Amino acid sequence: MNKVIDTRTGKIYRSVKEVSDEFNIPHSTVRCWINGSRKNYSTFELYDEKKDMINKVILVGNLGSDPKTYTFEDGNMVTNFNLATSEKYTNKKGEKVDNTEWHNVTTYGKTAELATQYLSKGSKIYLEGKIKTSKYEKDGEERYKTEIVANNITFLSTPRDTNKEAEAVVAANESLADDDGLPF
């Protein structure tokens with residue numbers, strides 16, 4: 001019997017039946033989430049006890065710069081960009097604190113191609129991936145680079161879409177205005 005893990009919460013279920021019972025959904029739907037056509041919409045995966053470890057990152061944030069794309073001789077692509085995630089809270093002194101973390105993100109293949117085509121500075125995205133640390137040498141000194149390797153990106157907005165929406169609202173308001181400048 002295969003165990004199932006909810007990668008969003010880390011909870012491990014004994015079986016597909018246990019997942020379907022808890023969420024009151026058919027077994028076949030859970031199987032589609034795990035194996036089938038709806039895999040990208042689910043946080044459920046088969047749990048492999050031999051691995052017993054998970055390296056999964058989920059981030060929602062805004063691009064800090066336009067993506068940089070490199071194409072290799074064999075046609076493969078890699079795209080890099082910075083992603084900002086923010087957390088707002090009130091500290092013990094009652095002061096509002098805005099904490100921003102910057103993440104180096106790398107994508108490959110079709111994901112890299114789509115990121116280059118549709119993303120730009122300020123775009124809001126949801127991404128899933130894993131953390132990867134690389135070691136390299138610079139000026140005779142050993143250094144480390146930590147990045148997020150994204151394998152799934154959902155475009156939540158782009159500055160171009162935001163500008164088009166704002167222009168449409170302004171145009172609609174202008175067309176509704178009478179001689180006195182009121183829209184009614």
**Request:** Collect residues whose amide H, placed 1.01 Å from N in the peptide plane, falls under 5 Å from the amide H of K121; neighbours closer than 5 in sequence don't count.
**Result:** D66
**Asked** Amide H to amide H, which residues 5 or more places from L156 or on other chains are under 5 Å from it, using H placed in the peptide plane?
**Response** K124, I125, Y126
**Prompt:** Using alpha-carbon pairs under 8 Å, 6+ residues apart, how would you state the relative contact order of segment 57-165 in percent?
**Reply:** 28
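Readers should treat all values here as calculations from the given coordinates under stated rules, not as data from a laboratory. From a predicted model like this one, the values you see are computed outputs, not experimental measurements.
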